[in-house]
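Single-structure report; data block below.
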């Protein structure tokens, strides 16, 4: 396995792109990444997407998108792990290039979610859970997270307002990101007064959907070492782990086993521990998921994720800044694209190109993308070379 | 129309028929043929009592397609007394406040109707507060 670098990144703003088709969103992100990498072509394209078959009535995105961007003939495919599809595309590109079988690859995450009615979209999202044993009972994706959150509050004694800092932090950072879905800070009062979706989860605990696409060009590290005028970012650790699809099948529904395992493997590959991570692009689809991820990745003791947030350690000035460009909560959660936004944002931070949201001196970033309610978790450690 | 898809789960939906592992005695629901505890083959049928307690619950205000008529409805994780946990709706709640740990029992109810008024009616398990102590 040879070292792998991320040579170029591209993204479109997360939003309601009524004037663009899915293939155009993907193309825009890909062209931006190619221009950023200053290359014209790659040998393979890996697409992260969850719902095009359901919402766009369009599967087979690998051939479709590679043809659209002028790469007809190359190796191309879709990879899918619900909300974890995006990072899975990077993982697949890294394995392909790292193995030496493919000399350069593009990973793109894309999702088009706002053409359909909220109920169609909600039903499609629910397919991330177990169809026969969860979704059939009318439990939504938010509902599953609400079940986890209520039990977490019961076990560890947290109040709903204790989760406010997660949402406030993400929106504060999203306000500094021109590609974020929401670019206004929120107050604790706004958090507390938000309408309930599935108690105890209210609107300000939940990330918004959106249309989006983000892409990265992946090449062998040795090929580009010393050639780039910017800090070169390498993939120092990459791991995928899985858990039961259904929340009810887990011995401890309050612990993200797959998040813990994939982070541990990625840390080991990179030769680091959580103490050395400068920032964490976290999967804050819901505030409870942010708390559980901090615990699983070794930043907080079990049951103590909210304490880290309450003490201000998750802000850009804290010991472990999270969601530095808005996270899922403010940048938005275009499901299958989300994992690639996390990667693109981590590269922005490591290159020193994050603008007013820049974490000074950031050298090591962790990205973690979660599919379903923790059933597939993909962790990447990115470092400046 | 998904008739076979629902029909083949009738034993589970109507009677909570799961499995017991012949190697480690773990009770398994839903049936999965490979024991999640010991990895051994487990195909021996086992009927669950339908008694359990609430592990967690939530009220759904934004429902997916096909569930709108019951908004808001309550979904719970129910810890069955034989061990496994399952996801199901709660029903017959009346005015009594819900709490974690509350004893509940299984009852068969309509879960949803598939399509228009001529569509398939899907029945299955829900849970209600324990009537007979």
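Of these, A:164, A:96, which one is away from every other protein chain (no Cβ under 14 Å), over 17 Å from the mean Cα position of the chain (by Cα), closer than 23 Å to residue A:62 by Cα and part of a helix (DSSP H, G or I)?
A:96
Out of curiosity, is residue A:133 away from chain B (no Cβ under 13 Å) and over 23 Å from the mean Cα position of the chain (by Cα)? It would help to see each step written out before you state the result.
Working: away from chain B (no Cβ under 13 Å): no; over 23 Å from the mean Cα position of the chain (by Cα): yes.
In short, no.
Would you point out the residue of the range A:251-261, among those that are outside any helix (DSSP H, G or I) and touching a residue at least 40 places away in the same chain (Cβ under 8 Å), that is nearest to the other protein chains (Cβ to nearest Cβ)?
Applying the first criterion (outside any helix (DSSP H, G or I)) to the range A:251-261 yields A:251-256.
In the following step, the residues that additionally are touching a residue at least 40 places away in the same chain (Cβ under 8 Å) were identified as A:253-256.
Values: A:253: 7, A:254: 10, A:255: 14, A:256: 16 Å.
The qualifying residue nearest to the other protein chains (Cβ to nearest Cβ) is A:253.
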**OP:** Name the single residue, out of those in the range A:167-206 being more than 14 Å from chain B (Cβ to nearest Cβ), in contact with a strand residue (DSSP E or B) (Cβ under 8 Å, 6 or more places away or on another chain) and not in a helix (DSSP H, G or I), that is farthest from residue A:144 (Cα to Cα).
**Re:** A:179
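Take residue B:93 and decide whether it is under 23 Å from residue B:123 (Cβ atoms), assigned by TED's automatic domain parsing to the domain that holds residue B:125 and under 12 Å from the mean Cα position of the chain (by Cα). Before the answer, list the steps.
Working: under 23 Å from residue B:123 (Cβ atoms): yes; assigned by TED's automatic domain parsing to the domain that holds residue B:125: yes; under 12 Å from the mean Cα position of the chain (by Cα): no.
Considered against the rule, which asks whether it is under 23 Å from residue B:123 (Cβ atoms), assigned by TED's automatic domain parsing to the domain that holds residue B:125 and under 12 Å from the mean Cα position of the chain (by Cα), residue B:93 comes out as no.
Has the range B:13-32 got at least one residue that is in contact with a helix residue (DSSP H, G or I) (Cβ under 6 Å, 6 or more places away or on another chain) and part of a loop (DSSP other than H, G, I, E, B)? First the steps, then the outcome.
First pass over the range B:13-32, keeping only residues in contact with a helix residue (DSSP H, G or I) (Cβ under 6 Å, 6 or more places away or on another chain): B:17, B:30.
Cutting the leftovers down to part of a loop (DSSP other than H, G, I, E, B) gives us B:30.
Within the range B:13-32, one or more residues are in contact with a helix residue (DSSP H, G or I) (Cβ under 6 Å, 6 or more places away or on another chain) and part of a loop (DSSP other than H, G, I, E, B).
Being in contact with a helix residue (DSSP H, G or I) (Cβ under 7 Å, 6 or more places away or on another chain) and within 24 Å of residue A:26 (Cβ to Cβ): is that true of residue A:314 here?
Judged against the criteria, residue A:314 is not a match.
Can we say residue A:102 is over 19 Å from the mean Cα position of the chain (by Cα), outside any helix (DSSP H, G or I), surrounded by 19 or more Cβ atoms within 10 Å (Cβ to Cβ) and touching a residue at least 24 places away in the same chain (Cβ under 8 Å)? Break it down stepwise before answering.
Working: over 19 Å from the mean Cα position of the chain (by Cα): yes; outside any helix (DSSP H, G or I): yes; surrounded by 19 or more Cβ atoms within 10 Å (Cβ to Cβ): yes; touching a residue at least 24 places away in the same chain (Cβ under 8 Å): yes.
Judged against the criteria, residue A:102 is a match.
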**OP:** Of the numbered conditions (1) at the interface with chain A (Cβ under 10 Å from one of its Cβ atoms); (2) outside any loop (DSSP other than H, G, I, E, B), residue B:63 fails exactly one; give the number of that condition.
**Re:** (2)
Subject >> Residues being within 14 Å of another protein chain (Cβ to nearest Cβ) and out of contact with any helix residue (DSSP H, G or I) (no Cβ under 6 Å at 6 or more places or on another chain) - total across the range A:262-291 >> reply: 0
Original post:
Which of the residues that make up the range A:111-130 are part of a helix (DSSP H, G or I) and either more than 10 Å from chain B (Cβ to nearest Cβ) or within 19 Å of residue A:249 (Cβ to Cβ) (or both)?
Top reply: A:126, A:127, A:128
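Restricting attention to the range A:41-70, and to residues there that are assigned to a loop (DSSP other than H, G, I, E, B) and touching a helix residue (DSSP H, G or I) at 6+ places or on another chain (Cβ under 7 Å), which single residue is nearest to residue A:7 (Cα to Cα)? Give the steps one after another, and end with the answer.
Keep residues of the range A:41-70 that are assigned to a loop (DSSP other than H, G, I, E, B), which gives A:41-43, A:49-51, A:57-60, A:69-70.
Those left that are additionally touching a helix residue (DSSP H, G or I) at 6+ places or on another chain (Cβ under 7 Å): A:49-51, A:58-59, A:69.
Details: A:49: 22, A:50: 25, A:51: 28, A:58: 30, A:59: 28, A:69: 18 Å.
In this case the residue turns out to be A:69.
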Subject >> the range A:60-90: number of residues that are surrounded by 24 or more Cβ atoms within 10 Å (Cβ to Cβ) and closer than 16 Å to residue A:219 by Cβ >> reply: 2
**OP:** Could you list all residues from the range B:56-75 that are buried (at least 21 other Cβ atoms within 10 Å of the Cβ), touching a helix residue (DSSP H, G or I) at 6+ places or on another chain (Cβ under 6 Å) and within 11 Å of residue A:123 (Cα to Cα)?
**Re:** B:64
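How many of the residues making up the range A:108-122 are touching a residue at least 24 places away in the same chain (Cβ under 8 Å) and surrounded by fewer than 24 Cβ atoms within 10 Å (Cβ to Cβ)? Break it down into steps so the answer makes sense when it comes.
Applying the first criterion (touching a residue at least 24 places away in the same chain (Cβ under 8 Å)) to the range A:108-122 yields A:108-116, A:120-121.
Checking the rest, the ones that are also surrounded by fewer than 24 Cβ atoms within 10 Å (Cβ to Cβ) come to A:114-116, A:120-121.
Residues meeting the conditions: 5.
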**OP:** Take the residues in the range A:144-161 that are free of Cβ contacts under 8 Å to residues at least 12 places away in the same chain and within 14 Å of chain B (Cβ to nearest Cβ), then tell me which one is nearest to residue A:352 (Cα to Cα).
**Re:** A:157
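The values are calculated or read from the model by the stated rules, or taken from the named source; none is laboratory data. Predicted model only: the values in this text are computed from it and were never measured. Glycine gets a Cβ as well: all are built from the backbone with ideal geometry, and neighbour counts include every protein chain shown.
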